[in-house]
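Enquirer: One structure is given below, represented as structure tokens, and several questions about it will come after.
The values are calculated or read from the model by the stated rules, or taken from the named source; none is laboratory data. Owing to the predicted nature of the structure, the values given are computational and were not obtained by experimental measurement. As a convention, Cβ positions derive from the backbone with ideal geometry for all residues, glycine included, and neighbour counts pool all protein chains shown. We work out accessible area using only protein heavy atoms, side chains counted, and drop any ligands, DNA or RNA first. Shrake-Rupley method; radii C 1.70, N 1.55, O 1.52, S 1.80 Å.
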Amino acid sequence: MFDWDALSDGEEVEKEAPPNVTPAAEVSGWKVVAKSGAVARSGPSRIGTRAMHTVREGKILHGELEDGWLRLTNDEGFVEVSSDFHPFLVPLDGKLGGSFDFVDAKSILDRLAEELSASRHSKPTPKLQLEGLITTPAQVGEGEDHLLVDFSTAGGQAEGLPQAWMEEARSWLKRLDPKASVPNNVRLPKSAKNWEPQAAVLYALTCGKFDPRDVEEPATPAPFLSVCVATSDHRQSFHRLLYECFQKQTFGDRELVVVHTGVIASETWRSIAESDKKVRYFFFPSTSASLNSPRLSDEVATNPFDAVLTEDDPKELAYWEHGSPWNWEVEREGWTKGLKRNVACCLARGQVIAHFDDGCLYAPEYLSRSVQALLGGPSATFLLLDALREAARKVFAGAASTWFTVSVADNEFRIVDMSQPEPLWELYGKSAHSGQYEDRFNHGFNYIYTRAAWKQQPLPDKEVVGTQDADFLKALVQAGSSVKLLKTEPLSALGWHRDATIGAKDVPANINDAVVLDFLRFRGRECQIPKIFQGLLPSLEAVAATLKSRREQHLTRLVERHGPVYVCTHCNFAVALKKNADSTERTLSTRLHVVDGYELTKAFAKEAMKFDVAQISSAGGAVAEGHWQPPPPGNTWLQNVSQRAAICRNCGFQLGWRFEPNNLPKECASPCCIMTAANGREYCCASCRQHGPYHHSDNCDKKEAPKPQNPVSWVLVRRHLRLRKSANEAIPKDDSSKSRHKETSQNAGAKQVCPAGHPLHRFCTGQGNGGALPYYYICDICDRPARGAEHLWGCGTCDYDMCDRCWSRRQRVN
């Protein structure tokens, strides 16, 4: 047996396959993921390391690795041990009693190796005898007596707890998430009768991982204001910047509460908390913590570009929801950002709570001015008055009326005024006034509210594209509480970063991700770097440099092992290996609706468009989006196939199309609906057509559309791809004010290349669901902005573009 205990934490070793095991079961490497000796197989094609989790009826249930143990919370289940492309479902013999069950992960893996070695991978998978490996504690909480509580049923069991307490807990749980599911009978420690009802709900939802008994109460008096932060492993590059924002605040009576879920605790936050008593850091180990939100990508332990090496899954589909880009909810395993914020609020000691988000900027006067605008008063010193402290015990909430957006990579700022109409909303089918009004409470990075407001209404337990948190403030408005836009000068900046530093194989992006990034990029108006953020710029630039360096390191390893790779021109995420691209030059002709980014219009009729494309056999960095459509006529090289949009797995930008066998029934035309259309109809039912995919008539068949099958292939627009051959190649900056044209030895007399000598490829603006919007492109020769349905010639490697008129002129001259 291999000596696992000889390995140090995080150490990777090569291990020969056990004897008599077929090559398909070869083990490329093992990795220690906990100091106690728990191990998990890892390989070049795995994104992250998930040791084991429980599975029942195909759905992931609660089961997380913690200190070498796998926690099971269902009555019966399976242990899943994943190796490279070879998952083994190992039935557990008998039913597991008790409230919590623990299985020694190290012993299971050792026993599994023995069983596989003996069985030579025979089918069905051999049962793993776990006798002696399972421990069922008599009680949770180290011997403390427990209360049996039913949170899910009004009037249900409430052993030893006041009825008013239970009603508040049930009501708060329903407002947290109407879809939230907790066991009918939850065992709470007897001391829970002294908890707030909100704490008991969070204890139940997190299966006891959040336990108020584990919280050490600081010796210092409770501050007036708590700044709450929800973060994860993937955001560690931003932690120093966030602390600097907090440290520079002029508001004195404050604390910082950081809730971090992930695999590895942050040494940055630990060291800060040790030296600064205003900082309270809470780490909750979880191998299934929620990934980052799309607007800010950050680090992960493995190479994120490895997604490009995975095999295409024809059943993997993303969907685009029309309307507001913020409304799309992202399905995540584990703790959502909303749930982590609620835990932070529960831990907070202040009467007033403010949010800080990773990657965002907060001026030194931000907290002082925000508290003043929320509660009233002439200055920050008004907090010394007992009468106004009394006001903070009431329900008040608000969000900043004006703020900035900032591109982390380029230090480019724009100013946003939520009280003024935003013309960009007209591109999304809303008026400039109504779109901005509906969006006024969507941005939780600058929320501030009293603790009384949180106790009345929890933050929504969900993860969404962008920063949408409006359900919280809207629910308070509906309850008649005081909620307002805070009229202060802009003192915060919403940071966004398009570059790729984390793979999204498990949760791919969709078009909404690209729409959100576009909206942040173009909303509001341009402005100079605000003076209030000058002191934070060195740290912001350091973050951008760190992210760029990490991306180049990932790319270097990928290119060294697998050769040149095509990356997305918008986020530099690896899309496909060059060796998987057909060398044949092809042009795809189609007809699509035109979106004009300057006139903010979308044409009713479809326009003819042509694209120079690359046909690629495998593109792990892309994902198919939306319903299938017949291929455009006139392309004889596309036979017996259906097409879907192909988008970047990381940023959601449309790259082209995916093609699959054309043997599927017609799908409902409602965006995001996964049902088949009724016979002779475009939709599955009238209700779905009128109200959207989450509403179905009683007579709707609700027949789920079958998933597509292999083989699939990809046809990607060459202008949207950048070929990377080595690390540290020059990447064009996103600066439309400077022309990239110049006469060189490469393009002199050669009309079909850019100044660097790369071939120019034809494309058309305004295609598809957001790809190639016209305001992305300016002719680098005549400096004229592109319009809808205009054909251009471009180089994705250099971000160089030439309009058709200049192309024709150079063709005549040369």
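Enquirer: Looking at segment 584-599, is at least one residue part of a loop (DSSP other than H, G, I, E, B), surrounded by fewer than 18 Cβ atoms within 10 Å (Cβ to Cβ) and modelled with pLDDT under 85?
Expert: yes
Enquirer: While we're here: Pick from segment 243-268 the residues that are acidic (Asp, Glu) and surrounded by fewer than 21 Cβ atoms within 10 Å (Cβ to Cβ): which of them is nearest to GLU217 (Cα to Cα)?
Expert: Step by step, filter segment 243-268, then rank; the result is ASP253.
Enquirer: Do you know which of the residues in segment 415-438 that are crowded, with 16+ Cβ neighbours inside 10 Å and either out of contact with any strand residue (DSSP E or B) (no Cβ under 9 Å at 6 or more places or on another chain) or modelled with pLDDT under 85 (or both) is nearest to THR488 (Cα to Cα)?
Expert: Applying the filter and picking the extreme gives TYR437.
Enquirer: Does TRP657 satisfy the condition of being among the aromatic types (Phe, Trp, Tyr) and open to solvent by 30 Å² or more (accessible area, probe 1.4 Å)?
Expert: In short, no.
Enquirer: Shifting gears a bit: Report yes if HIS695 is open to solvent by 60 Å² or more (accessible area, probe 1.4 Å) and more than 27 Å from GLU311 (Cβ to Cβ), otherwise no.
Expert: Yes, satisfied.
Enquirer: While we're looking at this one, here's another question. Filter segment 231-262 for residues that are among the acidic types (Asp, Glu) and modelled with pLDDT under 95; which is farthest from THR206 (Cα to Cα)?
Expert: Ranking the qualifying residues of segment 231-262, first place goes to ASP253.
Enquirer: Can you run down the residue pairs with Cβ atoms below 6 Å, 6 or more apart or on separate chains, where the first is in segment 443-462 and over 20 Å from VAL371 (Cα atoms) and the partner is assigned to a loop (DSSP other than H, G, I, E, B) and open to solvent by 10 Å² or more (accessible area, probe 1.4 Å)?
Expert: These pairs meet every condition: ASP461/ASP177; ASP461/THR336; LYS462/THR336.
Enquirer: Can I ask one more? Answer with yes or no whether ARG240 is surrounded by fewer than 21 Cβ atoms within 10 Å (Cβ to Cβ), on the phi < 0 side of the Ramachandran plot and under 22 Å from the mean Cα position of the chain (by Cα).
Expert: yes
Enquirer: What number of residues within segment 607-635 satisfy the criterion of being assigned to a loop (DSSP other than H, G, I, E, B) and either charged (D, E, K, R) or under 30 Å from TYR683 (Cα atoms) (or both)?
Expert: So the count comes out to 6.
Enquirer: Sticking with this structure for a sec: Of everything in segment 373-410 that's in a helix (DSSP H, G or I) and at pLDDT 90 or above, which residue is surrounded by the fewest Cβ atoms within 10 Å (Cβ to Cβ)?
Expert: ALA373
Enquirer: Pull out all pairs, ordered by first then second residue, where Cβ-Cβ is under 6 Å, the residues are six or more apart or on different chains, the first lies in segment 212-228 and is open to solvent by less than 70 Å² (accessible area, probe 1.4 Å), and the second is aliphatic (A, V, I, L, M) and assigned to a strand (DSSP E or B).
Expert: Listed pairs, sorted by first residue: LEU225/VAL352; SER226/VAL257; SER226/ILE353; VAL227/LEU256; VAL227/ALA354; CYS228/VAL257; CYS228/ILE353.
Enquirer: Under 9 Å between Cβ atoms, at least 6 apart or on separate chains: pull out the pairs that start in segment 233-254 with a residue that is farther than 15 Å from ARG550 by Cα and end on any residue that is basic (Lys, Arg) and open to solvent by less than 40 Å² (accessible area, probe 1.4 Å).
Expert: LEU242/ARG235; PHE246/ARG254
Okay, residues lined up against (1) buried (at least 21 other Cβ atoms within 10 Å of the Cβ); (2) modelled with pLDDT under 90:
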| site | (1), (2) |
| --- | --- |
| ARG270 | no, no |
| GLU274 | no, no |
| ARG280 | yes, no |
| PRO285 | no, yes |
| LEU291 | yes, yes |
| GLU316 | no, yes |
| TRP320 | yes, yes |
| SER324 | yes, yes |
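Enquirer: Of the residues ALA756, ALA669, ALA678, ALA730, which is over 27 Å from ALA619 (Cβ atoms) and open to solvent by 30 Å² or more (accessible area, probe 1.4 Å)?
Expert: Matching residue, one of ALA756, ALA669, ALA678, ALA730: ALA678.
Enquirer: Ok, one more. State the number of residues belonging to segment 755-780 that are modelled with pLDDT under 90, farther than 11 Å from VAL717 by Cβ and not in a loop (DSSP other than H, G, I, E, B).
Expert: 4
Enquirer: A further question on this structure: From the list ASP801, ASP783, exactly one residue is assigned to a strand (DSSP E or B) and at pLDDT 80 or above. Which is it?
Expert: ASP801
Enquirer: Next up: Scan segment 514-551 residue by residue and report those that are under 21 Å from CYS648 (Cβ atoms), of a type outside the set (Lys, Arg) and open to solvent by 10 Å² or more (accessible area, probe 1.4 Å).
Expert: The answer is VAL515, PHE522, ALA544.
Enquirer: Determine which member of the set LEU176, LEU205 is closer than 30 Å to SER368 by Cα, under 28 Å from the mean Cα position of the chain (by Cα) and modelled with pLDDT under 90.
Expert: Result of the check over LEU176, LEU205: LEU176.
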